[in-house]
Structures are given as C-alpha cells and as structure tokens.
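Below is one structure, written out as structure tokens; comments come after it.
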C-alpha cells in the first residue's frame, strides 16, 4: 500500500466527526491493508509506533522537523517558522512550502506505508553522537518521496499531532466490522485486546485467521493487562443493591496503582496507563523479588508514599515526587513506599482472571509474604449497610480515600468498568463536595493578573465510553496557582490543535483546543442540568446535559490516568442520581 492511499484515508477521517462514518472508512482501509501492513496501519492511525507498554515514543522535536523541511524546500528555517505561525500546524506549513517547491529527481519513488512506519520507528531509535543530523537527513529523505498531502500527514504523525480523533475502541469496532461479521462479535475482540493490549497484534491475527486468530491470546508475564475499573456510588445501600450482599470491601488507598510482573528475578512494573515504570521504583523491585513466593506471577497493588520516620501513609502528591529521571535512588530513600496488594491475575502459568474474587484473594494470600513493606489491602466481608458504613468511617479515620466494594463471585474483567467493583470516596458523602477526574479539551486566554500566562481557565470534559467521545462538563478557572498555570501552559502545548478535535463533543467555543490527554482532579459544589454542556446529553432530561457547578482544581494532576480513565458520563449520573431526579 502506498502512503498516499493511507493519507487519503486520513484526510477522509479528519473530515468527519461522525463515529459511524469513521468506522465505515476504517473498515474499508483495514480490508485493503495486507497482513504485513495492517499492524503498522493501526498504530499509525492511533498516532503511535508500538503498544504503550513497550515505551517506544513517537514525536520528533519541532525544531528538527523545521530543519528537515527547510532543507528540502530550499528555504531558511525562519521562513518555515513564519509559515508555522501562520497556519498553526507544522504538517500544513510543510505541505504548503514543499508543494510550491519543484523537486526534480533522477529516480522517482513513492513512499509506502511500511517505509513510512519503519522510517518513523528509525527516527525514534536514533540516539547518541550524530543522531540529530541523522534524524534531519532521514526525515528529509522521506519528505522528498512524498506528495503535499502525504507530507501533511507524515509530519503530523512524526511530531505526534495526527489529530484524527480515533481511539482504540473505535478501531476495535472497525476490526469487528471488517473481520468478525459485525460489531455484535466485538466483545471477543475486546476481551483479547484487554488481555493483550497490542492493537497491531490483534489486527494482524484477525486479518490472518478471523476469530480463530484470537483463541490463543492469553495472560502472560511481560504483557500488561488493561486494568479493571470501578464505578462509583454515593451510599452503602446503593452499593449493596448493585454489588450484592455479602461483598468484600477494601481500603481505597491514595497511591499509584501498579501491575507487577515477575518471571524469575526479572520484575516489571506497569502503571494504570500500561507504561513501564520499573526504573522509577528500584526499591519496589527488590521487595517483590524477596517477598513474592512465586517465580512467575502478575498481581496488582497500590503503591503508597510513607513517612520515612513514622511509617504513616502520605497523600498521592507526595508519591509524585518519585516521578523523575534522575536521583531516583536518593528519592526512594526520601519518599519510601508501602505496597498494598489487592488482586492477582496469574500464578505459575495459571490464569487467575477467570476465577472469582474470593478465589483470587486466597491466591493472593498464598503469593505474598507480608512484612512492613508489602501487605495485602485491608479487607472485610460485609453484609449490611451498617457494617459497610463502619468500615468506611474506619478507612477515613486512617487517612484513606474511602473504600472499594467488590462482588465475591465476580471474575476479573480486564479493561471493563462495571458495578462488580464500586468505589465510595469520602468526598462523595458530602452533598456538595465531589471529586471528579476530568480531561482538558480547551482553554481560554488569561485576563487581568492572569494575562501573563498562556491560559487562565480550561474547558473540561468527561469520557463517554458508549460513543468514545469527550463531552464537556464545565469550565474551570479556580484552584490554580501561578506555578500550575505556568506548567499547564507548557504541558498542553504538545496537544494544541487548530480546530476542535473530532472526539470532543462541545457546544462551547474555546480560544484554544487540545487533543484530550491531560487529566486533572476537580472538586465541584454539585451536579446540575445544563443547556450548554454535552455530558449525558438527553440522558437525564430532554435537551439538557450535566455540568459541574462551581468547579475548582484540587491541585492533583492525574498523571496515572489516561483520558479514557477519566470520570464517565455514567458515573456522573450515578454520583448523585437522587439529586438529579429531583432537579429534573
């Protein structure tokens, strides 16, 4: 397949915001791709090079891209920069400059999909002496072999700003349409992807063998499983009604959720976003080697910061001091951690995900040799609301976020969010104080004292898994320190786009739009009906969505969460369903 054909498909995808139309376009593309091409095509559509857990980062520095474009176009870098400022899009700027340049070659070649993918992979791996000039030369060669349309999408892909609005779940829908006879069989593909979150592998297997190609997908050490997620409710009676009685309740710790993989002496740690974070926790690796009885295991735990003098558990923000590339050993002494194991997914080659919670809990007891550094999460079996409420108050008095209730007979549902797991956090017990994890999708220029900063307030969204979109829920401008505003301006730069992304559902305009990536924790006074925000539109009342009233940033950056891990529309409705019914 020529890259020009993929670029044409990308152009069609960019032109529509309708998800069903997107799926139809993707289906045609996936059917046309060969077995060798379909994996790279899927990664390129998602703007990536490999599964998240492999840690291969796409994204070439803008200045180096400018150098490559200037070299091929025969202009100065200042001219490239001028065109970039005018268009606001490096891909568009490069396309315009190079379309005006007549490039004569002795041999004319067309760039293929595999060549463009392998070229991007090569760029990501170049390092060391001479790597800068090699990157510039390699990209220049690719640009020489490209048409203006190809250049536009190639540059966007190389810089990590593809902006197609496609998520992995949309791709799974398209793969199901193409190779499984329709989305009614999507559940099979989704289960395989949740167990092995490698869209390239899943697509290749489906292309080769259809449903049979997914039969051998199984839990294995070294490949992180997409983590099961919890719904949230506001009372113990609601929880028991949904989860069932009796049920297990555990402390909800204010730490970082980690999936630990052990095979012999090799230990790998993966974040909630499936990023390999092993290097950040050398002390945790040592604990697992010495205190986990099985030589082959996958289990989940909460990693919580602890006071080095008293052993008292510390808040999440304290733990985030460990997020660094240098001085890791020193920081591990300054901010030690305690590990709270709460689930097990594999032991000595045996898949535990198909077993009940009760069976997994017993397997976890057998797996972990507890000491001061690693213990099982505090857990109790409860039958009544009074028992749950007492356990909740106990957790809060111990400084926890709240509790997690889990169905005793439930399997581990990788990647799913259901009422088999339900969280009850202390903020939810206050009628007017709910913490919500929201995604930044837009921003507004600072005014007055905030005019010195790039942005003064932000447009926030929840995630709607049914439509794979990000509907807006509030505009927030309070709770930010000067340091926050400075850092957010810099952090959001890489996600800035010229127009509203297709996956963002908004009636409101923003001064600047962003690809949904950054998650912030927000406190709100209450949830109200809204004629302008699109969260849960028409689901509570016809012609209205839901909004957060008087939102405020808590100071907590949810770097451990991806955009699809943010609060969902369903959660928003469930948090205070009784209140919403009264309002409507």
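Got at least one residue in the range 5-15 being surrounded by fewer than 18 Cβ atoms within 10 Å (Cβ to Cβ) and under 24 Å from residue 208 (Cβ atoms)? Yes.
For the range 530-538, state whether one or more residues are over 20 Å from the mean Cα position of the chain (by Cα), at pLDDT below 90, part of a loop (DSSP other than H, G, I, E, B) and at positive phi. Scanning the range 530-538 turns up no residue that is over 20 Å from the mean Cα position of the chain (by Cα), at pLDDT below 90, part of a loop (DSSP other than H, G, I, E, B) and at positive phi. Against the definition (under 21 Å from residue 528 (Cα atoms) and surrounded by 15 or more Cβ atoms within 10 Å (Cβ to Cβ)), how does residue 497 come out, yes or no? No, not satisfied. With respect to the numbered conditions (1) over 20 Å from residue 375 (Cα atoms); (2) touching a strand residue (DSSP E or B) at 6+ places or on another chain (Cβ under 9 Å), which one is the sole condition not fulfilled by residue 331? Status for residue 331: all satisfied but (2).
Residue-wise test of (1) free of Cβ contacts under 8 Å to residues at least 60 places away in the same chain; (2) buried (at least 23 other Cβ atoms within 10 Å of the Cβ).
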position: 502; (1), (2): no, no
position: 508; (1), (2): no, no
position: 515; (1), (2): no, yes
position: 520; (1), (2): no, yes
position: 538; (1), (2): yes, no
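For the condition modelled with pLDDT under 85 and either surrounded by 12 or more Cβ atoms within 10 Å (Cβ to Cβ) or assigned to a loop (DSSP other than H, G, I, E, B) (or both), what is the one hit in 122, 118, 105? Answer to the selection: 105.
Pull up the range 522-536, narrow it to residues that are under 23 Å from residue 18 (Cβ atoms) and touching a helix residue (DSSP H, G or I) at 6+ places or on another chain (Cβ under 8 Å), then point me to the one that is surrounded by the most Cβ atoms within 10 Å (Cβ to Cβ). The qualifying residue surrounded by the most Cβ atoms within 10 Å (Cβ to Cβ) is 535.
What about residue 37, is it farther than 27 Å from residue 5 by Cβ, outside any loop (DSSP other than H, G, I, E, B) and either within 32 Å of the chain's Cα centre (by Cα) or not assigned by TED's automatic domain parsing to the domain that holds residue 279 (or both)? The answer is no for residue 37. Between 439, 422, the distinction of being under 30 Å from residue 507 (Cα atoms), buried (at least 23 other Cβ atoms within 10 Å of the Cβ) and at pLDDT 90 or above belongs to 439 only. As for the range 100-107, it holds no residue that is within 30 Å of the chain's Cα centre (by Cα) and assigned by TED's automatic domain parsing to the domain that holds residue 18.
A single member of 69, 56 is surrounded by fewer than 17 Cβ atoms within 10 Å (Cβ to Cβ), assigned by TED's automatic domain parsing to the domain that holds residue 124 and modelled with pLDDT under 95, and it is 56.
Across the range 28-52, the qualifying residues are those that are under 23 Å from residue 516 (Cβ atoms) and out of contact with any helix residue (DSSP H, G or I) (no Cβ under 7 Å at 6 or more places or on another chain), and the one among them that is surrounded by the most Cβ atoms within 10 Å (Cβ to Cβ) is 48. Is it true that residue 315 is in contact (Cβ under 8 Å) with a residue 60 or more places away in the chain, within 25 Å of the chain's Cα centre (by Cα), exposed (fewer than 15 other Cβ atoms within 10 Å of the Cβ) and assigned by TED's automatic domain parsing to the domain that holds residue 400? Taking the combined requirement at face value, the residue satisfies it.
The values are calculated or read from the model by the stated rules, or taken from the named source; none is laboratory data. Just so we're clear, the structure is a prediction, and the values are computed from it rather than from any experiment. In this analysis, Cβ positions are derived from the backbone assuming ideal geometry, glycine residues included, and neighbour counts consider all displayed protein chains.
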